[in-house]
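The values are calculated or read from the model by the stated rules, or taken from the named source; none is laboratory data. In this text the structure is predicted, and so the values were computed from the model without any measurement. As a convention, Cβ positions derive from the backbone with ideal geometry for all residues, glycine included, and neighbour counts pool all protein chains shown. Please note that ligands, DNA and RNA were not included when accessible areas were found on the heavy atoms of the full protein model with its side chains. Shrake-Rupley method; radii C 1.70, N 1.55, O 1.52, S 1.80 Å.
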Amino acid sequence: MQTAHTAHAVPAPGDLADGVARFQREVFPAKADLFAHLAGVHRPTTLFIGCSDARVVPELITQSEPGELFVVRTAGNLVPAHAPGTDGVAASVEYAVAVLGVTDIVVCGHSACGAMTALAEGADLSAAASVAGWLRHADASVARTARVAGPERLSVLIRENVRAQLANLATHPSVARALAAGTLTLHGWVYDIRSGGVTDVGPAATG
């Protein structure tokens, strides 16, 4: 009979299960003291809002240790402007700022973004209604780049979208209060997958 302390095998695709085993065997022991500390402490300094794209890994890009980043990932790194009601992104932003007291928020776009590519190319999303609805949060970005044509449009849209999401962030009450108090700084980045480069695309919102 198993007890509450019996370890259970992790049901997962083969590669993931192998990764878990390797983590437990090789990675965790080297950071055991850190994880022991983190078991009772959660004090990240930065909220990192990035795209859900599997090629964009915030902790890898920033070389951050566990516990340093509070991460929110959405398609297109979109942040809906504050509105009545609740949603997961708004709740995560509020928790990071008002409860955890992060001092920085990064909105990070990236090259070859599927969401931005769909918008730049006017893709037919009639078979993906939820995606189409979500991408409406990039309407301001699309409007700002309406006069840009050709291959350059995608890179311009990616940059402008980061700036638009910073503006949306500033409408959230917890963010607005922290900006006004001078306890929070917003940053806009674009990560290039091919080169590994990160570009500051500011300006950051200042409240």
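Give all pairs with beta carbons closer than 7 Å in which a residue from segment 13-29 that is within 22 Å of residue 65 (Cβ to Cβ) meets a residue that is modelled with pLDDT of 95 or more and open to solvent by less than 80 Å² (accessible area, probe 1.4 Å); count only pairs at least 6 apart in sequence or on separate chains.
28/35
Can you tell me which residue among 187, 172 is closer than 13 Å to residue 77 by Cβ and in contact (Cβ under 8 Å) with a residue 12 or more places away in the chain? Write out each step before concluding.
Working: 172 fails: closer than 13 Å to residue 77 by Cβ.
Result of the check over 187, 172: 187.
So for segment 129-146 (the condition being touching a Gly at 6+ places or on another chain (Cβ under 7 Å) and in a loop (DSSP other than H, G, I, E, B)), does at least one residue qualify?
Step one: of segment 129-146, the residues touching a Gly at 6+ places or on another chain (Cβ under 7 Å) are 135, 138.
So of that shortlist, the ones also in a loop (DSSP other than H, G, I, E, B) come out as none.
No.
Scan segment 191-199 and tell me whether some residue there is out of contact with any His (no Cβ under 7 Å at 6 or more places or on another chain), of a type in the set (Gly, Ala, Ser) and crowded, with 19+ Cβ neighbours inside 10 Å.
Within segment 191-199, none of the residues are out of contact with any His (no Cβ under 7 Å at 6 or more places or on another chain), of a type in the set (Gly, Ala, Ser) and crowded, with 19+ Cβ neighbours inside 10 Å.
Can you give me the number of residues within segment 151-177 that are more than 17 Å from residue 89 (Cβ to Cβ), more than 17 Å from the chain's Cα centre (by Cα) and not hydroxyl-bearing (Ser, Thr, Tyr)?
At the first step, the residues of segment 151-177 found to be more than 17 Å from residue 89 (Cβ to Cβ) are 151-160, 163, 177.
Cutting the leftovers down to more than 17 Å from the chain's Cα centre (by Cα) gives us 151-157, 177.
Narrowing the set further to residues that are not hydroxyl-bearing (Ser, Thr, Tyr) leaves 151-154, 156-157, 177.
Qualifying residue count, segment 151-177: 7.
For segment 95-116, how many residues meet the condition of being surrounded by fewer than 19 Cβ atoms within 10 Å (Cβ to Cβ), in a helix (DSSP H, G or I) and touching a Pro at 6+ places or on another chain (Cβ under 8 Å)?
0
Scan 140, 132, 149, 180 and give me the residue that is open to solvent by 40 Å² or more (accessible area, probe 1.4 Å), of a type in the set (Gly, Ala, Ser) and within 23 Å of residue 73 (Cβ to Cβ).
Working: 132 fails: open to solvent by 40 Å² or more (accessible area, probe 1.4 Å); 149 fails: within 23 Å of residue 73 (Cβ to Cβ); 180 fails: within 23 Å of residue 73 (Cβ to Cβ).
Only one candidate qualifies: 140.
Could you count how many residues in segment 47-82 are more than 13 Å from residue 169 (Cβ to Cβ) and part of a loop (DSSP other than H, G, I, E, B)? Break it down stepwise before answering.
The first filter runs over segment 47-82 and keeps only residues more than 13 Å from residue 169 (Cβ to Cβ), leaving 50-71, 73, 75-76.
Then keep just the ones that are part of a loop (DSSP other than H, G, I, E, B); that gives 52-57, 63-68.
The number of residues fulfilling the criteria is 12.
Residue check: is residue 156 open to solvent by less than 50 Å² (accessible area, probe 1.4 Å), modelled with pLDDT of 95 or more, assigned to a strand (DSSP E or B) and not polar (S, T, N, Q)? Quick ask: steps written out before the conclusion?
Values: open to solvent by less than 50 Å² (accessible area, probe 1.4 Å): yes; modelled with pLDDT of 95 or more: yes; assigned to a strand (DSSP E or B): no; not polar (S, T, N, Q): yes.
Criteria not met by residue 156.
Assigned to a helix (DSSP H, G or I), under 26 Å from residue 171 (Cβ atoms) and open to solvent by 30 Å² or more (accessible area, probe 1.4 Å): does that describe residue 119? Lay out the reasoning, then the answer.
Working: assigned to a helix (DSSP H, G or I): yes; under 26 Å from residue 171 (Cβ atoms): yes; open to solvent by 30 Å² or more (accessible area, probe 1.4 Å): yes.
When the stated conditions are applied, residue 119 passes them.
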